[in-house]
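Single-structure report; data block below.
Throughout, read-outs are computed from the coordinates displayed, never taken from laboratory work. Every value quoted in this text rests on a predicted model; they were computed, and no experiment measured them. Cβ placement follows ideal geometry from the backbone for every residue including glycine, while neighbour counts extend to all protein chains displayed.
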Amino acid sequence: MSERKPFYQSPGPPGKRGFEDLECYQLALEVMAKIHIFSKTLPPDEKIDLYSQIRRSAKGVTGNIGEAYGRYHFLDSLRFYSIARGELNETLAPLINAKVLSYIDQEKFEELYKLIRVSEQTLNGYMSYVRRQKTGSQEFGDKAVHEDQAEYDVANYKENNENDKQE
C-alpha cells in the first residue's frame, strides 16, 4: 500500500499486529467505508432492500478476512478468503443494480468498481501467497479437514413419529 493511507491503524507494535495490517484487509476496509457512505444516498424506498444488502456484504468481506487470518491450516484459511472474495462480488452486484436504477452517477460508480476490483486482485494475490506457504500442512497434511458423513436411519424416524401420533 505504497500510496494509500490506511483507513485504520492498529495500536499494536508494527509487525506484531495481525490481519489488520494486510493490504487486502485495508482495501476491503476502504470498500466497506465507501459503500457505507454511498448507501446513505440511496432513496428511502431502498433502505430495507438494497441498502442493507450492500452494507452487509461489504462488512462480510472484512469479517471473513479476519476469520481466515485466525485459522491455522492454510486450506481452512483459503476457504474463508474465498468467501471474502465472494462477498466482494456480492457487494459489486447491488452496486451495479444501483447504477442501472440511476442511484449512482458514472464517476462514483467507476471509482467504487475499480476499488472493488483492486481489492479482489490484492486478495487473490494474498491467497496465492497463503497457498504457497502451506501453513499447518506439516502437522495436518495437505488435505482439507472434514467430518465423516453422518448416517441417518429414516425408517426409524418415521416409525417413531407414527408412534408419537398414536399416543
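Looking at this model, which pairs from Lys16/Lys99; Lys47/Lys108; Lys5/Lys108; Lys5/Lys40 are more than 30 angstrom apart at the alpha-carbon?
On the way: Lys16/Lys99 41 Å; Lys47/Lys108 19 Å; Lys5/Lys108 20 Å; Lys5/Lys40 24 Å.
Cα-Cα > 30 Å for Lys16/Lys99; rest within.
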* What full-extension length gain, to one decimal in nm, is calculated for Glu110 and Ala33 as 0.36 nm per residue of separation minus the Cα-Cα distance? -> 26.1 nm
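Neighbouring Cβ atoms within 10 Å as the yardstick, rank Met127, Met32 fewest first.
Details: Met127 19, Met32 22.
Fewest-to-most ranking of Met127, Met32: Met127, Met32.
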* Asked: Where the only charges are on Cβ atoms (+1 Lys, Arg; -1 Asp, Glu), what is the dipole of segment 19-143 about its Cα centre, to the nearest 20 debye?
  -> 240
* **Isotropic mean projected area of the C-alpha convex hull, segment 1-115 (nm²)** => 8.0
* Structure fact -> Net charge near Lys47 (other residues with Cβ under 11 Å of its Cβ; Lys, Arg +1; Asp, Glu -1) is -1
* **Pairwise label distance in nanometres, Lys5 with Ile48, each label 7 Å out on the Cα-Cβ vector** => 4.1
* Structure fact -> The alpha-carbon center of segment 37-61 and that of segment 84-139 are separated, in whole Å, by 17
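Only Lys, Arg, Asp and Glu count, each charged at its Cβ (+1, +1, -1, -1), so figure out the dipole size of segment 1-67 about its Cα centre, rounded to 20 debye. All intermediate terms of the calculation are to be shown ahead of the outcome.
Working: 10 positive and 9 negative charges, 36 e Å.
Its charge dipole is roughly 180 debye.
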